[in-house]
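Read through the structure below, which is laid out as structure tokens, and then see the notes.
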Amino acid sequence: MAFAVQAVVGIDVGTTAVKAMLIGSDGGVLAEAEIEHPVSVPRPGWSEQNPEDWWQSTILAVRKTLQLADRGDLGIEVAALGLSGQMHSSVFLDRKGEVIRPAILWNDTRTTDQCRLIQDRVGLDTLRRTVGNPPLEGFTAPKLLWLRECEPDSYSRLSALLLPKDYIRYRLSREYATEPSDAAGTLLYDVHSRVWSEQILEALELESTILPNIIESVDISGIITAEAAAEIGVQPGIPIVGGGADNPAGAVGSGAIDTNVMQVSIGTSGAVFLPSGEANIEQSMSLHTFCHCAPNLWYLMGVVLSAGSSLRWLRDTLAPGQSYDSLTAEAEQIPIGSDGLLFLPYLTGERTPHSDANARGVLFGLSFAHGRGHLARAVIEGVSFALRDSLELMRQQGASPNEVRAIGGGARSQMWLQTLANVFGLPITTVRPQGGAAYGAALMAAVGCGMFTSIEDAVKSCVSAEAAAEPDTTDAAEYNELYDAHRRLYPALKEEFASLADLTAMKR
């Protein structure tokens, strides 16, 4: 072997897959791989995964990535590992570090009663002043209370609570640690003082000893054990850097560390993400306020729970085996507005702006005139309208972004990018490299091991944006009218969603 290339690995523990990405000291992507894992839905509204599946996917993804980077005479020296992952999802460990029960995911809606309990015990004013968010079913704290109430035997064994990426950190290093961007999504973390909130813990009668230590996103949390190194195929002793939750890590990867640059992500879920120089918490708390991975930054975020997964549902139901490209090609043949068909993408409830676990997906205006292409276009438009709901809330807060950077699977579709540009009335850019949260995790690992001096330095050196779609004046005006119709649809159905949920619960 003539010489070795110094590189870092970013690992993103997603809902449907673990993605590993190897980048060099210049930020260039050397190799990447993705390994899928299953999601379990044991009951309607429940969503669970086995953390062991994440670990096995991590092993395979990292090994495959390193194999793809092997060029015979070029050696790879891995200098650090960075981590990212789905927010909010809860991993419960016993005193031996063994998983007690399947992890409860971010899109699980079983905890409505626990959310009411949190609101009653803590109060919305206190929540606003500390954690900056209302109690929502997807967050971590309600899941912990559900475990205590509904599975007391499991709760009695509980010794540690971790987020998905931090469970992988534990498997790699045997260290319990997290960082502010993921801690902020638990509803147990003070986003202003950036510490676990003793006030919230006391009100909920929870012990702080079950919570991991908090480090910064570019700090080293520990080193990989010899056993874990052998499993994933790297040398022992490599440092593991703090990393971040998937959305802010994706923002690092896209360069959204500027208050004028908005990020929109379309993956399993969808999110509108805007950095802020302060914890700018709106009165209604319809938007989330979390800590960014970048220092001295927070962000506002609105979430659509079923974004790309809505199109996946349509494909798997009506066009199994067909590619997304062919499905969107059909949608492109349909006029704007899908010939009077509107879609509400609330297949698993909704987060922003309605915060309604009972909401469900709706195809409104369906007729014999509509075919599969109409449905595909209506889904893309409906998700785009739902994302605009968050943009409008941010505009009410005084935000005026001049650029929207798109990431995620939806960003690979030119039709979706153009639809977003027209619905938002803003230019859409894409970024290079298109690595999402895994790339952001890798950049933070590169900062942590000294390849770059800061996140800002890494982004400036490695991330570039390129124009993808400009809004068309005529189409944007038509979408404005359709958006008004979209906004009227949920209020007209809100009570019916609740009635249907009650009826369904009675039949279980």
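The values are calculated or read from the model by the stated rules, or taken from the named source; none is laboratory data. Computed from a predicted model, the values in this text were never measured in an experiment. In this analysis, Cβ positions are derived from the backbone assuming ideal geometry, glycine residues included, and neighbour counts consider all displayed protein chains. Side chains are part of the model used for accessible areas, which takes the heavy atoms of the whole protein and leaves out ligands, DNA and RNA. Shrake-Rupley method; radii C 1.70, N 1.55, O 1.52, S 1.80 Å.
Among the residues of the range 406-429, which ones are within 18 Å of the chain's Cα centre (by Cα) and assigned to a strand (DSSP E or B)?
ALA406, ILE407
Checking the condition over 15 Å from ARG395 (Cβ atoms) and touching a residue at least 40 places away in the same chain (Cβ under 8 Å), which residue from VAL264, VAL252 passes?
One residue alone meets the criteria, VAL252.
Considering only the range 339-356, how many residues are under 18 Å from the mean Cα position of the chain (by Cα), on the phi > 0 side of the Ramachandran plot and surrounded by fewer than 24 Cβ atoms within 10 Å (Cβ to Cβ)?
Here the count works out to 1.
Within the range 154-239, considering only helices (runs of 4 or more DSSP H) that don't extend past its boundaries, which have at least 3 residues that are over 23 Å from GLN86 (Cα atoms) and more than 26 Å from the chain's Cα centre (by Cα)?
198-204, 226-232
Okay, residues lined up against (1) part of a helix (DSSP H, G or I); (2) open to solvent by 30 Å² or more (accessible area, probe 1.4 Å); (3) of a type in the set (A, V, I, L, M, F, W, C):
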| site | (1), (2), (3) |
| --- | --- |
| ALA279 | no, no, yes |
| GLY302 | no, no, no |
| ARG312 | yes, yes, no |
| ARG315 | yes, yes, no |
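Filter the range 346-360 down to residues that are touching a strand residue (DSSP E or B) at 6+ places or on another chain (Cβ under 6 Å) and in a loop (DSSP other than H, G, I, E, B), then give me how many there are.
Residues in the range 346-360 being touching a strand residue (DSSP E or B) at 6+ places or on another chain (Cβ under 6 Å) and in a loop (DSSP other than H, G, I, E, B): 4 in total.
Would you kindly identify the strands (runs of 3 or more DSSP E) lying entirely within the range 1-94 that contain at least 1 residues that are touching a Phe, Trp or Tyr at 6+ places or on another chain (Cβ under 7 Å) and β-branched (Val, Ile, Thr)?
Counting at least 1 such residues, we get 3-13, 17-24, 91-93.
Of all residues in the range 1-46, which are touching a strand residue (DSSP E or B) at 6+ places or on another chain (Cβ under 9 Å), open to solvent by 10 Å² or more (accessible area, probe 1.4 Å), under 30 Å from PHE92 (Cβ atoms) and touching a residue at least 60 places away in the same chain (Cβ under 8 Å)?
ASP12, GLY14, THR15, THR16, LYS19, VAL39, SER40, GLY45, TRP46
SER400: at pLDDT 95 or above, closer than 30 Å to TYR439 by Cα and either assigned to a loop (DSSP other than H, G, I, E, B) or not hydrophobic (A, V, I, L, M, F, W, C) (or both), yes or no?
It is false that SER400 is at pLDDT 95 or above, closer than 30 Å to TYR439 by Cα and either assigned to a loop (DSSP other than H, G, I, E, B) or not hydrophobic (A, V, I, L, M, F, W, C) (or both).
Pick from SER367, SER461: which is in a loop (DSSP other than H, G, I, E, B) and either among the β-branched types (Val, Ile, Thr) or over 20 Å from THR328 (Cα atoms) (or both)?
Testing whether each residue is in a loop (DSSP other than H, G, I, E, B) and either among the β-branched types (Val, Ile, Thr) or over 20 Å from THR328 (Cα atoms) (or both) leaves just SER367.
Considering the range 427-446 alone, what residues qualify as being surrounded by fewer than 24 Cβ atoms within 10 Å (Cβ to Cβ) and closer than 19 Å to GLN6 by Cβ?
Scanning the range 427-446 gives a single hit, PRO433.
Residues in the range 182-192: is at least one open to solvent by 50 Å² or more (accessible area, probe 1.4 Å) and of a type in the set (Asp, Glu)?
The answer is no, given that none of the residues of the range 182-192 is open to solvent by 50 Å² or more (accessible area, probe 1.4 Å) and of a type in the set (Asp, Glu).
Would you tally the residues in the range 61-94 being open to solvent by 50 Å² or more (accessible area, probe 1.4 Å) and within 30 Å of GLY45 (Cα to Cα)?
0
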